Amino acid sequence: MIRALSIAFSSALSIALSMALSMALALVLAAGCSRHEGEGVRTGSAGRQESGAAAVRGDDPGHDGEEHGRAGGRSPGRIGHDHDDHRDDRDRHAHTIGDNAGDGDPHHDGPAHEGESRRTRIPAAMAARVGLRSEPVRSGTLRDEHHMQGLLVPVDGKVARVVARFPGPVRAVHVDVGDRVRAGQRLASVESNLSLSRYDVAAPIAGTILSRPVTVGDLAGEQVLFEIADLDELWVDLHLFGADADHVGVGMPVRIERLSDGARATSQLERVLPGAATASQSTVARARIANSDGRWRPGTAVRAAVTVSERVADHVVPLAALQRMDDEDVVFVQDGDQYVARVVILGGRDGQHAEVLEGIGAGELVVVAQSFLVKADIEKAGAAHEH
């Protein structure tokens with residue numbers, strides 16, 4: 001019995017030891033497989049990193065001579081940009097009235113030449129619409145003019161102040177202010193205190209009634225009844241101050257302009273009065289203007305320009321043609337629909353024209369109206385280039 005139990009115990013112990021050894025061997029094998037798999041993962045990762053580094057260094061034989069991120073390629077979030085990025089800019093930089101010089105891209109690569117930066121293209125239809133006008137350069141007269149103010153007055157010797165021959169009451173008045181009368185025409189009727197008979201007061205000259213202070217019932221005596229003036233000609237009394245009086249003389253041409261509406265006339269100075277006007281302390285110079293149509297009236301205020309001297313210049317342009325660019329005087333020369341800024345050297349000038357010593361030649365077309373629009377267009381194009 002005891003022997004049987006001993007045999008059974010020994011068998012059970014052998015089985016238990018066998019199972020324990022099998023389990024231990026299984027654990028050892030499992031651990032070995034896990035270690036080999038981890039090393040394989042680390043080896044693969046390192047290989048990929050080395051491959052990536054080689055690609056960046058250009059060590060990969062399949063990428064010799066090539067650059068990663070080629071000019072044609074784009075990657076989201078890149079810092080640089082290529083020429084395509086300027087397309088919207090070109091659309092935004094539209095010029096004021098024309099196009100920049102040349103037929104190519106106004107924002108071309110490389111520095112702009114001086115001529116290109118100071119030219120623009122304006123189609124003829126657009127130029128006409130904005131009022132651009134060009135004229136050929138020609139010779140002209142420069143005038144040294146002195147400007148002054150003045151008044152129109154009747155000519156001395158062509159004014160009559162009418163009085164009664166004999167004192168007495170005025171019984172009738174036949175004319176009024178503004179009426180034109182002929183010499184000998186009846187103006188009024190007066191009853192003489194001496195003869196108690198009526199007599200007529202007649203116009204001594206032909207002209208226009210300037211004033212009529214008399215009315216029916218007034219007692220005619222030594223007072224003026226009518227003032228008549230021949231207004232077919234008028235004096236222009238010009239008031240000279242300071243040095244103008246020393247430079248202005250008889251025979252000098254004078255241009256006269258009415259202040260109210262700009263109506264103009266031309267004449268010559270006929271005299272410079274010897275005295276000074278008491279109120280203004282000015283010297284009075286006189287010119288005569290024709291007025292047979294009656295469009296000039298005594299008492300009208302005028303401005304005048306007296307030409308003290310004049311000379312002929314080979315090349316002159318209107319003052320409206322001149323502009324300033326980069327601290328230089330320029331004009332805009334037209335060639336078809338191209339407008340080019342040309343630097344000029346100026347000589348003398350008067351109130352209307354300037355002499356050009358260098359920069360343009362006779363016959364060249366120069367913008368003389370709305371030249372500031374061409375300047376603005378060129379300057380806007382230059383700003384687009386800088387951008």
The answer for the net charge of residues other than Met325 whose Cβ lies under 10 angstrom from its Cβ, with Lys and Arg +1 and Asp and Glu -1, is -2
Taking Ile256, Ile228 and counting other beta carbon atoms within 10 angstrom, the fewest-first order is Ile256, Ile228
Summed over the other residues with a beta carbon less than 10 angstrom from that of His174, with K and R at +1 and D and E at -1, the charge totals -2
Full extension between Asn193 and Phe372 adds, at 0.36 nm per residue less the Cα distance, a length in nm of 56.7 nm
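Every number in this text was worked out from the coordinates using simple rules, so none of it is lab data. All values reported here derive from a predicted model rather than from experimental measurement. Reconstructed Cβ throughout: ideal geometry from the backbone, glycine too, with neighbour counts over all protein chains shown.
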